[in-house]
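These notes concern the structure reproduced below.
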Amino acid sequence: MGQKEFKRFNMIKPPTRQRSFLMPIGWLACFPAKWLHRYTITKVNMEGLKPPYLLLCNHNAFLDLMITTTAIFPHRANYIAAIDGFIGREWLLRQAGCICKRKFTSDVQLLYQLRRVVKNKDIAVIFPEARYSLCGTTSDLPDALFGITSYLNVPVVTLIMHGHHVNSPFWNTGGRGAKPLEATMTQIITAEEAALISNEEVAKRIKEKFVYDDFAWQRDNHIKIKYKNRAKRLHRILYKCPNCNTEYKTESFKNIIRCKACGKNWIMSEYGELSASSGDTEFTHIPDWYEWQRDKVKEEIKEGRYSFSSKVIVRSLPNARGHINLGEGLLTHNSNGFKLVGNYQGEHYEIKFPVKSMYACHIEYNYLGKYGDCVDLNTLTDTYYCYPQTDEFSVTKLALATEELFKLYREEQCKNPDSEYSKSLVSRFRK
Ligand SMILES: [Zn+2]
């Protein structure tokens, strides 16, 4: 069977309203998490607000979903969720009100589905960063978000949750009992404003609220994490040594991250800060180290030195029944974007993902606990999980490079008002 014959996931099925019988089950599952973390949710300008509205939440861990459910209690919602969350449980997720989307694709169908949610007088919940934050800081938001917001013409609310990353970091998940945690829920656009406000103003207000840094929040609020292995797997996001500049040679265990090339060690405190065990401490704040790596990748791109190429194992996900092993392929990433070439059952395929089509990409660390690190590339009908077969790489670097390539593309395009990108912005921001 060739790839063309795979049954595709039905992306256009209208959203299901959350079933009444599932709602108390959801509350029973979510409220204990709120109590366990001694959670405080501060509501700003929320008095008297009833659904429908659009709720935009930051995204760090599974706990986000649980806290969101308690924050909107007792109202119904539909959640935009990625297809990989649906594997083997499509029926349940549909009944729970989830709407499926492939990550980082422009999907016009989504607009109609959100419109339906609003007509049902429910809450449309979006995690616009579209992936768990890699180091507990804000990720880029897609330009399309601001257009969607305007299109729906309903109040807009943000829910920014703090402490979820330090409690269960994406690079080594599992609850660490962080408490007390807090969130702020703010109505940033009222019903009256929604009809009048310009799209630029919508973008400005959303961006103002989507600013967070979990490690800074932990430090400033003295949130102690006693977990002994708190630095274990931190090397997944900190892949480049700031002492000797070697890449892919960091390792981590207990509360230590170290470089195998030069032997330097850094200790992670109970408040999430780093200190070198000898010599200068380059970065006490983990996101500063992470952003330094980003700057280095940007330099490589600008100087034309950035490129990645590796043999990969490819698994695709055309529907929610499970992954299909497509065998070996070749993945390259450079200033032209990603290219995946392979052969499945005698059928050659070549898929390109140009820089302009991806403002970010999704990665996984040891996906599903057994497959290893991967980058997943999405078309509107399929997702290709690519597992590089080499030790000399970091999916974190691929993610940073994708973002920086797009930013440079955007910068170039914005210089010219007649460019493809500038024109798309004008049409998006026209009301
Ligand atoms: Zn080193």
Query - Single residue of Arg294, Arg321 found to be touching a residue at least 60 places away in the same chain (Cβ under 8 Å), farther than 26 Å from Thr137 by Cβ and within 24 Å of the chain's Cα centre (by Cα) - result: Arg321
Query raised in the report: How many residues does region 286-319 hold that are in contact with a strand residue (DSSP E or B) (Cβ under 8 Å, 6 or more places away or on another chain) and not in a helix (DSSP H, G or I)?
Result: 13
Query - Options Ala130, Ala144: the member that is touching a His at 6+ places or on another chain (Cβ under 8 Å), closer than 30 Å to Thr383 by Cβ and modelled with pLDDT under 90 - result: Ala130
Report task. Output yes when any residue across region 31-40 is at pLDDT 90 or above, within 23 Å of Tyr212 (Cα to Cα) and in contact with a strand residue (DSSP E or B) (Cβ under 6 Å, 6 or more places away or on another chain), and no when none is. Result -> yes
Report summary line: Those residues of region 333-387 that are on the phi < 0 side of the Ramachandran plot and either among the hydroxyl-bearing types (Ser, Thr, Tyr) or free of Cβ contacts under 8 Å to residues at least 12 places away in the same chain (or both) come to a total of 17
Query raised in the report: Just for region 236-251: of the residues that are closer than 17 Å to Thr281 by Cβ and out of contact with any Leu (no Cβ under 7 Å at 6 or more places or on another chain), which one is farthest from the ligand (Cβ to nearest atom)?
Result: Leu238
Requested in this report: Inspect region 298-308 for any residue being within 16 Å of the ligand (Cβ to nearest atom) and outside the structural domain of Asp391 (by TED's automatic domain parsing) and give the result as yes or no.
Outcome: no
Query raised in the report: Picking from Ala178, Ala194, Ala216, which residue would you name as being at pLDDT below 95, away from the ligand (no atom under 16 Å from the Cβ) and not basic (Lys, Arg)?
Result: Ala194
**Report entry** Selection within region 349-368 - closer than 16 Å to Lys339 by Cα, under 15 Å from the mean Cα position of the chain (by Cα) and surrounded by fewer than 20 Cβ atoms within 10 Å (Cβ to Cβ)
**Finding:** Ala360
**Report entry** Scan of region 199-212 for residues that are of a type in the set (Asp, Glu) and under 14 Å from Glu129 (Cα atoms), ordered by number
**Finding:** none
Query raised in the report: In region 14-50, how many are under 26 Å from the mean Cα position of the chain (by Cα), in a loop (DSSP other than H, G, I, E, B) and surrounded by fewer than 19 Cβ atoms within 10 Å (Cβ to Cβ)?
Result: 4
Requested in this report: Filter region 265-297 down to residues that are among the charged types (D, E, K, R) and within 16 Å of the ligand (Cβ to nearest atom) and give me whichever is farthest from Glu403 (Cα to Cα).
Outcome: Asp280
Query raised in the report: Does any residue of region 77-88 turn out to be closer than 17 Å to Leu22 by Cα, surrounded by fewer than 20 Cβ atoms within 10 Å (Cβ to Cβ) and at pLDDT below 90?
Result: no
Query - So Lys232, is it among the basic types (Lys, Arg), under 30 Å from Thr390 (Cβ atoms) and away from the ligand (no atom under 16 Å from the Cβ) - result: yes
**Report entry** Residue that is nearest to Asp280 (Cα to Cα) [pool: residues in region 252-264 that are within 11 Å of the ligand (Cβ to nearest atom) and touching a Lys or Arg at 6+ places or on another chain (Cβ under 8 Å)]
**Finding:** Lys264
Query - region 155-175, residues that are at negative phi and at pLDDT below 95 - result: Thr173, Gly175
Query - Long-range neighbours under 6 Å by Cβ, at least six apart or interchain, first residue in contact (Cβ under 8 Å) with a residue 12 or more places away in the chain and more than 12 Å from Tyr239 (Cα to Cα) within region 391-402, second of a type outside the set (Gly, Ala, Ser) and part of a helix (DSSP H, G or I) - result: Ala401/Val297
**Report entry** Positions within region 147-169 being surrounded by fewer than 23 Cβ atoms within 10 Å (Cβ to Cβ), in a helix (DSSP H, G or I) and out of contact with any strand residue (DSSP E or B) (no Cβ under 6 Å at 6 or more places or on another chain), in sequence order
**Finding:** Gly147, Ile148, Ser150, Tyr151
Query raised in the report: Can you name every residue in region 144-185 that is among the polar types (S, T, N, Q) and touching a Leu at 6+ places or on another chain (Cβ under 8 Å)?
Result: Thr149, Thr158, Asn167, Ser168, Asn172, Thr184
**Report entry** Close pairs (7 angstrom Cβ cut-off, 6 or more residues apart or separate chains): in a helix (DSSP H, G or I) in region 112-135, modelled with pLDDT under 90 anywhere
**Finding:** Gln113/Pro14; Gln113/Pro15; Gln113/Ile99; Leu114/Ile148; Arg116/Pro14; Arg116/Pro15; Val117/Pro15
Report summary line: Within region 226-258, the residues that are within 24 Å of the chain's Cα centre (by Cα) and hydrophobic (A, V, I, L, M, F, W, C) are Ala231, Leu234, Ile237, Leu238
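The values are calculated or read from the model by the stated rules, or taken from the named source; none is laboratory data. All values derive from a computational prediction rather than experimental measurement. No Cβ is skipped: glycine too gets one built from the backbone with ideal geometry, and neighbour counts run over all protein chains shown.
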